[in-house]
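The values are calculated or read from the model by the stated rules, or taken from the named source; none is laboratory data. Keep in mind that what you see is a predicted model, and the values were worked out from it rather than measured.
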Amino acid sequence: MSKLYISIGALKAQGIRDRVSKGYDVIAYEPENQNYQNYQKLLVKKAYKDRLICYRKAVGSYAGKALLRVSGTGDGGSSTILESLSDFRESYYVEIVTLDSILEPLLEVNTLDVDCEGAEIDIILGASLKNLQKCKRILVEFHKHYPQLQQTDEMIQKCIKRLEPLFKVNDCRTYHPNYIFYRK
């Protein structure tokens, strides 16, 4: 059985190549057109054809549609929730699915990687513990550098406390504002 890596807005094409080379099958959710097109280019290569599934969808705490504002810097930062993002080059509506809808049909996930430019707390808090427990490891990058998101230490701690009964917490703030949660 292969290892499953679910990327929610977290990986660029190089990250996908790295995960596949390490033996992972990758399911990626990427609402931003350019990143999604880069994933599609990988799919024509034989090495990735059976190892990568990519959906042009955002993940959130509710299912529906939202306006995606695409960062003008070209280095990530696109967001469906940063309404005050002033430096964006384009915007368009994207479909939103929930984390529960992704995890529900799966038996086990080796790694869930969540980097959604501010939606991380809502995504984690909106998912059921039953589904989150299917993940051996959860990587989360919180975004305190966007003050309008109000991803305060208090909100981050609320998310951590929710996961603590099921996961061992590893704080990696010295590298990024990231946390790694290992299933107990």
Leading residue by the ranking (farthest from L103 (Cα to Cα)) among those in the range 126-170 that are modelled with pLDDT of 80 or more and of a type in the set (D, E): E154
Does R89 satisfy the condition of being in a helix (DSSP H, G or I) and at pLDDT below 90? no
